[in-house]
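Here's the structure, in structure tokens; my notes come after.
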């Protein structure tokens, strides 16, 4: 895509959907350019929201984390895969109340707040639906119980496809996609549906709520196989930042490249300011 075309597309942007880990922060470290970038968006009259495939925290916990970093956000500006999963279960399994949840206590609290019951690691406590998520508190016996219920044919949902979670620590954080691969190897069964990015529903929900056209929203994130693929599926403008998981070499070799590659959101902010300067000439 030519520079002129990119600038033209950036001028059309009215909302920026931001991935979180690897894009605005890494782990518990807020990138120094994040707050100036958000202020720039406000100055340009561009709204924003935060999207994450990480279901390990409840909405309240995410909002508190952002607040501690100096970002004051509302529930309406937060979209998590826990919320997407709750909405999906309500729409497709309206009578379901009892869930076997492979997830953190914080995530479980979000489901319970929504009116669901978390079933125990007990062969007599039969769930209506199994939900596998990014579970940093994973207990082996619960993994085995999940495999058992999956083998019994109970509806099985994965919150997100991510293989690993970004971190600035010397470790690998095994994410939901890898947990589901373990369960697939043990049971021969994949999730009935995998929600979260790249599923376009979170972006489509923003479009509907904000009454925007797809070309007026930019999806910004650090992963091609989730953030950028979701942008492509929603016909939105996909911006890959290199502040997280993806390297420039990987980005350039992608079969379906992003609309724009930036070092980080600071560079994207500079481009948005430049594009909007041109709109007044």
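Comparison of 126, 131 shows that the only residue that is in contact (Cβ under 8 Å) with a residue 12 or more places away in the chain and assigned to a strand (DSSP E or B) is 131. For the residues 7, 69, the requirement of being touching a strand residue (DSSP E or B) at 6+ places or on another chain (Cβ under 6 Å), farther than 30 Å from residue 157 by Cβ and surrounded by 13 or more Cβ atoms within 10 Å (Cβ to Cβ) singles out 69. Condition first: assigned by TED's automatic domain parsing to the domain that holds residue 242, buried (at least 16 other Cβ atoms within 10 Å of the Cβ) and within 20 Å of the chain's Cα centre (by Cα). Can you find one or more residues in region 76-83 that meet it? There is no residue in region 76-83 that is assigned by TED's automatic domain parsing to the domain that holds residue 242, buried (at least 16 other Cβ atoms within 10 Å of the Cβ) and within 20 Å of the chain's Cα centre (by Cα). Taking strands (runs of 3 or more DSSP E) as the structural unit, those lying wholly within region 186-281 and holding at least 3 residues that are buried (at least 20 other Cβ atoms within 10 Å of the Cβ) correspond to 217-221, 237-241. Kindly establish whether residue 218 is outside the structural domain of residue 8 (by TED's automatic domain parsing) and either within 26 Å of residue 93 (Cα to Cα) or in contact with a strand residue (DSSP E or B) (Cβ under 8 Å, 6 or more places away or on another chain) (or both). Taking the combined requirement at face value, the residue does not satisfy it.
If you go through region 26-45 and keep only what is buried (at least 17 other Cβ atoms within 10 Å of the Cβ) and modelled with pLDDT of 95 or more, you end up with 30, 31, 33, 34, 37, 38, 40, 41.
The values are calculated or read from the model by the stated rules, or taken from the named source; none is laboratory data. Note that the structure is predicted; figures quoted are calculated from it, not measured. Neighbour counts are summed over all protein chains in view; Cβ atoms, including those assigned to glycine, are modelled from backbone coordinates with ideal geometry.
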